[in-house]
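Beneath this line is the structure, given in structure tokens, with notes to follow.
What follows draws every value from the coordinates through simple rules; no lab data is involved. Predicted, not measured: the structure shown is a model, and the values here were computed from it. All Cβ positions, even for glycine, are placed from backbone atoms using ideal geometry, and neighbour counts span all protein chains on display.
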């Protein structure tokens, strides 16, 4: 996924573009939520183990805001 700001992240489980577009987009949406949940949990785990500015620079913006 790539945001308008240019931040990118990869899905934990890639979604193949196959089947009906409505079903495929539903799977993309579900995987986006699952991946962001995973990235947020990982970031919160690392928060106490890293220098704050280093931690912020390693996260995508949404995850840094949630974790902070």
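Overview of values
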item: Helix 21-47 vs. the chain, principal-axis angle (Cα, 0 to 90°, nearest 10); result: 10
item: 222 nm mean residue ellipticity, helices alone, for the chain (DSSP H n ≥ 4; -39,500 (n - 2.57); rounded to 500); result: -19500 deg cm²/dmol
item: Order of 24, 55 under a 10 Å beta carbon neighbour criterion, fewest first; result: 24, 55
item: Rg/Rg_ref, the chain, where Rg_ref = 2.2 N^0.38 Å and atoms are Cα; result: 1.28
item: Percent RCO, i.e. relative contact order, over the chain, from Cα pairs under 8 Å lying at least 6 residues apart; result: 29
